[in-house]
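The values are calculated or read from the model by the stated rules, or taken from the named source; none is laboratory data. Note that this is a predicted model, so its numbers are computed, not measured. All Cβ positions, glycine included, derive from the backbone under ideal geometry; neighbour counts span all protein chains shown. Heads up: the accessible areas ignore ligands, DNA and RNA and are worked out on the full protein's heavy atoms, side chains in. Shrake-Rupley method; radii C 1.70, N 1.55, O 1.52, S 1.80 Å.
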Amino acid sequence: RYSMKNMKELAKKLVDYGMKKGADEVQVSIGNQNKFSVDVRESNVEKLLQAESRRLSLKIILDKKVAYASSSDFSEQTLFEIMDNGIERAKLSSADDFSGLPENNEITADIDALALYDENIEKMNAEDKIKAIKEIEKIALADEKVNKSSGASYNTNVSETILVNSKGFEGSYKSTGCSAGVYL
């Protein structure tokens, strides 16, 4: 199992490998995502999902020709084979004069100021999320104009993304999302 630090090292290794194999430019993106979703109806849990997924994506450019590849298998042998295959597929593509990675300019955006990540969403446990959506549904049903709940749902998403490319860029960020809804 890779930590995000190890994943950045893996991304750099893949960029180096792709360049040694003849690519003009390589970009590796790795995303790790934790999803939670619960649906309730009249205070009964009808559906509960808690899942983690991880995906690695490659962009390979050779002679202005581009190929993309992705995998959820993080074994180095598989990823090197995908890179080799991507380089071969790039050779078969049509050239695009506008393809290419951006230059590695200084990033002036303040990632923290963008407020993409809220640690409270990541810290909240499943029981509290279920309790919250049941309470939201209960509040909505307390209105005398409402006579039936068609269900309520609560969803959270916590993800981390790493981007490394052959132009020298290395970066990462965390993000969270949360939504709740009641259907009356």
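Each residue of the range 76-86 was assigned a 3J(HN,Hα) from its phi angle through the Karplus expression (A = 6.51, B = -1.76, C = 1.60, θ = phi - 60°), giving 4, 4, 4, 5, 5, 5, 5, 5, 4, 4, x Hz with x at Gly and Pro. Among the GluC sites (Glu not before Pro) found in the range 106-165, those both in a DSSP coil and sparsely packed, with 11 or fewer other Cβ atoms within 10 Å of their Cβ, are E106, E144. Phi angles of the range 175-184 translate, via the Karplus equation with coefficients 6.51, -1.76, 1.60 and θ = phi - 60°, into HN-Hα couplings of 9, 9, x, 8, 9, 8, x, 10, 10, 10 Hz per residue; Gly and Pro are given as x.
Between the range 136-162 and the range 1-62, the C-alpha centres lie 29 angstrom from each other. Rg and Dmax of the chain, both derived from C-alpha coordinates alone, stand at 21.8, 69 Å.
Can you pick out the pairs among K123/K145; K47/K148; K65/K167; K20/K59; K13/K35 whose Cα atoms lie more than 26 Å from each other?
Working: K123/K145 36 Å; K47/K148 19 Å; K65/K167 17 Å; K20/K59 15 Å; K13/K35 28 Å.
Pairs exceeding the cut-off: K123/K145; K13/K35.
Couplings 3J(HN,Hα) of the range 41-50, computed from phi: 9, 6, 6, 9, 6, 9, 8, 9, 9, 9 Hz, in residue order, whole Hz [Karplus 6.51 cos²θ - 1.76 cosθ + 1.60, θ = phi - 60°; x for Gly and Pro]. Quote the charge dipole size of the chain about the Cα centre in Debye, to the nearest 20; the model charges only the Cβ of Lys and Arg (+1) and of Asp and Glu (-1). Computed charge dipole of the chain: roughly 420 debye. With respect to the chain, whose longest principal axis is taken over its alpha-carbon atoms, helix 126-141 is tilted by about 50°.
Protein heavy-atom accessible surface, 1.4 Å probe, per residue over the chain: 61 Å².
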